[in-house]
Amino acid sequence: MTTLEREIGLWRGVALNMIDMVGIGPFITIPYILATMGGARCMAAWILAGLLAICDGIVTAELSAEMPRAGGSYVFLRESFGKWGRLISFLFLFQILISAPLSLASGCIGFAQYLEPIFPAAGRHVPVTAMIVCAVIVLLLLRRIDAIGKFSVVLWIGVLGTIAVVIAAGASHLTWSSFAFWDAPRHDGGIGYAGLGAALIFAVYDYLGYYNIAYLGDEVHEPEKTIPRVIVISILAIAVLYIVMQACIISVLPYEVASTSKSVVADYIRTLIGPRAAKWVAVMILWTAFASIFSVMLGYSRILYAAARDRNFFGVFAKLHATESYPFVAILFLGAVTSILVWLPLKHIIGGILSIRAIIPFMAQIAGAVILRVRQPDRSRPFRMWLYPLPAIVALGLWSYVVISPEKRLRVGALYVLAAGVLFYFVREALSRRAERQLTQ
């Protein structure tokens, strides 16, 4: 039988994780975060989001080391909740059918928007441009994982280069006040930290992807050691880069300009160096966006494959290419649905991603890690959660704040998705039992 191959080591894993985390996110959300916090107080949102990412990442690292298999969260939820594991893991898969293409669509739309300064026609036809980007990514992913791993390192270099240019350009303009958020004035007339919930949702979106390596568990070399290291290294590196990059932009651009810009980094570079340099930076941002979409689609295709292989989802997703061992049906499905969702407004897409995913998998996965500790205390854990249970408590508390914060309540649509998943699961189970009874008669 054709199987996945272990071709991803530490630095290829870090490359895949970091290009997934950066993507187009910070380049399109910085104005939103600034506007909701009224200026440099936005640093509080970046720090809280980083704290959430590292705490949740440590939880994921423990589970990944215990169960290093393709599918990541799907496997963790299935194994953690005992007899309810099959239902909860199925709900995770069900929401993936919507949230994964939403994530991909946000990247494709952001790519199209940053293409406008270079090719103005692209800005007039953003959905069409986004569909073309999606199609190119699908074609690149239809190949062996070793080739993808090598390509990811090339993309990673471009991602780091982009952020390095942005930071280097403004390093000499950095001021302490851009970091001292507790003393920063509000330029919007707001009070204290009003708007923190809304800012946090955008900042958390920019950190998403730290768990991507766990989805590739069957393709990682020495996964018990490699996956936790990849998660921790990626989060810490990205947190530092994000905070310094935001500080540079605050130090250079006036609040009124930065909080309303549609291409804030290009405006920042234009102010410092000039319009020609701004176009080159736009090209580099396009590189990072392309790299992120590539990594996200790679990870989610493995989730659908793993679930179908375990007969807990549609069997068609378990099909691998006959000679090059990649899940081509899952890749093609994600590409097709993404091509439809790119026609939605970007802000709605970003809100929808976190609304759908906050409870399952994130909050459910944290609960699952604690349940496993209680149910199976002697279970082999190659990586143990640091300062247990503090990371789980902090992560669960911050995810709860994301869900119930006054500025951004859990959208009813997310509950509809979960309810539909429950209904679909029980109907599917009833039909399966009926078919089994007919076979035994």
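Nearest 10 degrees, 0 to 90: what angle lies between the long axis of helix 390-404 and the longest principal axis of the chain (Cα atoms)?
Rounded to the nearest ten degrees, it is 70.
Net charge around R428, counting only other residues with Cβ within less than 12 Å of its Cβ (Lys, Arg = +1; Asp, Glu = -1)?
+3
Summarise the accessible area of the chain (1.4 Å probe, protein heavy atoms) by the percent that is carbon and sulfur.
Carbon and sulfur together cover 67 percent of it.
Looking at the range 111-242, I'd like the Rg to Rh ratio, where Rg is from alpha-carbon atoms and Rh is Kirkwood's inverse mean 1/r.
My calculation of the ratio gives 1.03.
Specify whether the C-alpha gyration tensor of the range 326-367 places it in the rounded, prolate or oblate class, a ≥ b ≥ c being the square roots of the eigenvalues: rounded for a/c under 1.5, otherwise prolate if a/b is larger than b/c and oblate if not.
Because a/c hits 1.5 or more and a/b fails to exceed b/c, the range 326-367 counts as oblate.
Give me the distance between the Cα centres of the range 37-76 and the range 204-222, rounded to whole Å.
11 Å
Show the residues, 5+ positions off or on another chain, whose built amide H is closer than 5 Å to the amide H of I8.
V220, H221
So if the hydrodynamic radius of the range 150-215 is defined as the Kirkwood radius over C-alpha pairs, what does Stokes-Einstein give as its diffusion coefficient at 20 °C and 1.002 mPa s, in µm² per second?
Translational D for this selection: 138 µm²/s.
Would you mind calculating the gained length between V153 and K347 on full extension (0.36 nm times residue separation, minus the Cα-Cα distance), in nm to one decimal?
Length difference between fully extended and current span is 66.8 nm.
If we sort 258-265, 165-172, 370-377 on the protection proxy, mean other Cβ atoms within 10 Å, highest first, what's the order?
258-265, 165-172, 370-377
In whole Å, what are the Cα extents of the range 230-337 along the three principal axes, biggest one first?
Over the range 230-337, Cα extents along the principal axes are 55, 30, 25 Å.
For F426 and F119, calculate 0.36 nm times their separation in residues minus their Cα-Cα distance, and state this gained length in nm to one decimal.
105.5 nm
Which net charge results for the neighbourhood of V283, defined as the other residues with beta-carbon distances under 13 angstrom from its beta-carbon, given Lys and Arg at +1 and Asp and Glu at -1?
+1
Apply the Debye scattering formula to the range 298-410, with a single equal point scatterer on each alpha-carbon and no solvent, then give log10 I(q)/I(0) at q = 0.22 Å⁻¹.
-1.13
For the chain, what log10 I(q)/I(0) values come out of the Debye formula at q = 0.09, 0.10 1/Å, with one point per alpha carbon and no solvent?
Debye output, listed in q order: -0.54, -0.68.
Could you list the residues of the range 47-69 with an amide nitrogen less than 15 Å from a label point located 7 Å from the Cα of R229 in the Cα-to-C-beta direction?
Under 15 Å, as judged by backbone N against the label point of R229, lie 65 of the range 47-69.
Return the sequence-ordered ³J(HN,Hα) values of the range 137-142 in whole Hz as given by the Karplus equation 6.51 cos²θ - 1.76 cosθ + 1.60 applied to θ = phi - 60°, using x for Gly and Pro.
Listing the rounded values in order: 4, 4, 4, 5, 7, 7 Hz.
Mind running the shape call on the range 20-131? Use the C-alpha gyration tensor, a ≥ b ≥ c as the square roots of the eigenvalues: rounded below 1.5 for a/c, prolate if a/b tops b/c, oblate otherwise.
Here the range 20-131 falls in the oblate category.
Determine which residues of the range 284-307 fall in the zone a paramagnetic label at E436 would reach in this model, i.e. backbone nitrogen under 20 Å from the point 7 Å along Cα→Cβ.
The answer is 307, whose backbone nitrogens lie closer than 20 Å to the label point.
So for the chain, if I pair up every lysine 8 or more residues apart or on another chain, how many of those pairs have alpha-carbons under 28 Å apart?
For the chain, qualifying lysine pairs total 9.
Can you tell me the length gained on complete extension of the stretch S172 to A237, counting 0.36 nm per residue apart and subtracting the Cα distance?
Once the chain is fully extended between S172 and A237, it gains 21.3 nm.
Tally Lys and Arg at +1 and Asp and Glu at -1 over the other residues with C-beta under 15 Å from the C-beta of G39: what net charge comes out?
-1
Run lengths n ≥ 4 of DSSP H only: what is the helix-derived mean residue ellipticity at 222 nm for the chain, with -39500 (n - 2.57) per run over all residues, to the nearest 500?
The helix-only estimate for the chain comes to -23500 deg cm²/dmol at 222 nm.
Quickly work out the D188-to-S380 label distance, labels modelled 7 Å from Cα along the C-beta direction, and quote it in nm with one decimal.
About 5.1 nm, to one decimal.
For the ranges 198-205, 422-429, what's the packing order if you count other beta-carbon atoms within 10 Å of each residue, average per peptide, and put the highest first?
The most tightly packed comes first, giving 198-205, 422-429.
Would you please classify the overall shape of the range 1-79 from the alpha carbon gyration tensor, given that a ≥ b ≥ c denote the square roots of the eigenvalues, rounded means a/c under 1.5, and beyond that prolate means a/b larger than b/c while oblate covers the rest?
Here the range 1-79 falls in the prolate category.
The values are calculated or read from the model by the stated rules, or taken from the named source; none is laboratory data. Predicted, not measured: the structure shown is a model, and the values here were computed from it. Backbone-built Cβ (ideal geometry, glycine too); neighbour counts: all protein chains shown. Areas reflect the complete protein model, heavy atoms only, side chains present, ligands, DNA and RNA absent. Shrake-Rupley method; radii C 1.70, N 1.55, O 1.52, S 1.80 Å.
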